[in-house]
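In what follows, a structure is listed as structure tokens, so that the remarks can point back to it.
Taken together, the values in this text are just the output of simple stated rules run on the coordinates, not laboratory data. Model, not experiment: these values are computed from the prediction. We place every Cβ from the backbone using ideal geometry, glycine too, and count neighbours over all the protein chains shown.
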Amino acid sequence: MDRIENLIRGLDPVRAERESSDSPTEIIALPAGNGQQEPGVTMNTEPIDSLPIVGRETGNEGNDAFSDDRPVVVPLRRRRRTAMILAGAAAAAVVAGAVVVGGSLGAESPLPAGTTNPAPSVEPTQQRTADPSPSAEPTAEPTAEPSVEPSGVPTGPPADEGCRVQDVDRVMEQGSDFMSLTPFAADPSHYAVVGCTDDWMAMELTDAGFEANPQDGGNAWYYVARRVDGQWLVETAGYSALTKWEFLPVVEGRTAVEMMDQQFIDVGIPVELRPELVGDGPSASDSPETHELTELGVVFDTRSDWDVVSASQGVDLVNAEDTKVANLQHSSASGLGGACSQAPVPWQELGAVPVSVSVPGGSEVPARFTLRIFEGDPLMAAPSLIGADQPASGESCMLYNVISGPGTGLLALTTTFMFSPYEPGSALEFSSMAEAAAYAQSEEFAQLAQIADSITVTD
């Protein structure tokens, strides 16, 4: 503390002010370089004019012109500023010394009154423990599910399994990033699966389905669905429909198999899948044979193993087993007459197949080939070619199984021209409605429907 105290005393501005009040200029002597005043050295208060000016002597190089023992000359007008600066520096030194001394001595804040032996304060430690033991296992932060970029086509329901009509949807509208679907069949029981592979499925309308919704040509198609991203879909165009074997057009020089294969190629279905989807097609005996009967004024097709035999009225159609299955008649007359006096009997039809008859001029007359049935025991039935506008059920004592009109004349393809429950004639007999329905789905009935659809009236 002696060093700091001497420095403060040597730079006391108040004392300097008091001692120099009678002189215009005073000299403040700084202590020696070591900070302590040498013995015998006193403050010099002689007038400034009698003192040499430091730094003006020449020719004395190497002497002690800049020694700490020489006084520093301070003009009067700078005295107060210099004294204040030095005083400030001294005060700062005192504070710094106090901090150093206090820090080294461990000085503490003043104790309260009456306290003589305070308890030592515990300094907080900054040192971390080596291995802190966690109080609980850290819980894993939930990880966010990765986002999935939307696709052009929605993912939809789970993938369809197997080959079922109820799993098929129809594509109503499709854009770059959306697809509108609706169930293919309102009643899946109205369709039957014809064939199926991993990616393709062929279906057809059943007779019950056609009866529930009789549309022209509705049962003349194989409806094709394709599996897309696990879902069975039917498009409104392209591969959605193929003409069935029995309704394929007759092209000279080409077989039915070639015609079906060409359909597969045209719509983009692999041709090698044809046997699995729609079968092998008709055999050589199933190939149509064209018959032109100028005396009847008609042209029509039958299977090659069927015969056409002249009859009292028109011609009879005989199958491969040499059994008469129907009679074909045609005349230019178009009027029908007759009546019956018996009580009317309820009747209905089964297995209707829409067909058309070509007439002179190239137009088509819409018609249907169906099985008409009179109630009774046994049931009386007859396969019949009739106009599309004819009723499908009713009550009567007699029915004419014929098309009558200006374009067709009288055209009949049936087992019996006039049909009555009271005069069976050549009508078919069934013990139950189920037996009648089975015949309506038979191969023989389908062949007769094909013949009906192939008829062209030439006269």
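Taken about its Cα centre, segment 165-282 carries a charge dipole of roughly 60 debye when the Cβ of each Lys and Arg holds +1 and the Cβ of each Asp and Glu holds -1. When the Cα convex hull of segment 165-282 is projected onto planes of every orientation, the mean area is 7.9 nm². Each Cα pair under 8 Å and six or more residues apart adds its separation to the average, and for segment 165-282 the resulting relative contact order is 23 percent. Would you mind calculating the relative contact order of segment 288-457 from Cα pairs under 8 angstrom and at least 6 residues apart, reporting the percent as a whole number? Once normalised by length, the contact order is 25 percent. Of the GluC sites (Glu not before Pro) found in segment 276-339, those in coil by DSSP whose Cβ has at most 14 other Cβ atoms within 10 Å are Glu295, Glu321. Near Val194, the amide H atoms lying under 5 Å from its own belong to Ala202, Met203, Glu204; only residues 5 or more places off or on other chains count, and H is placed 1.01 Å from N.
Relative contact order, whole percent, for segment 356-430 stands at 28, derived from Cα pairs under 8 Å and 6 or more residues apart.
Computed 3J(HN,Hα) for segment 196-211, one whole-Hz value per residue from the Karplus formula 6.51 cos²θ - 1.76 cosθ + 1.60 where θ = phi - 60°, is 7, 10, 5, 10, 9, 9, 10, 10, 9, 6, 7, 5, 5, x, 5, 5, glycine and proline marked x.
Dipole magnitude for segment 288-457: computed about the Cα centre from +1 point charges on Lys and Arg Cβ and -1 point charges on Asp and Glu Cβ, it is near 480 debye. Viscosity 1.002 mPa s, temperature 20 °C: what is the translational diffusion coefficient of segment 268-396 from Stokes-Einstein with a Kirkwood Rh over Cα pairs, rounded to a whole number of µm²/s? Translational D for this selection: 119 µm²/s.
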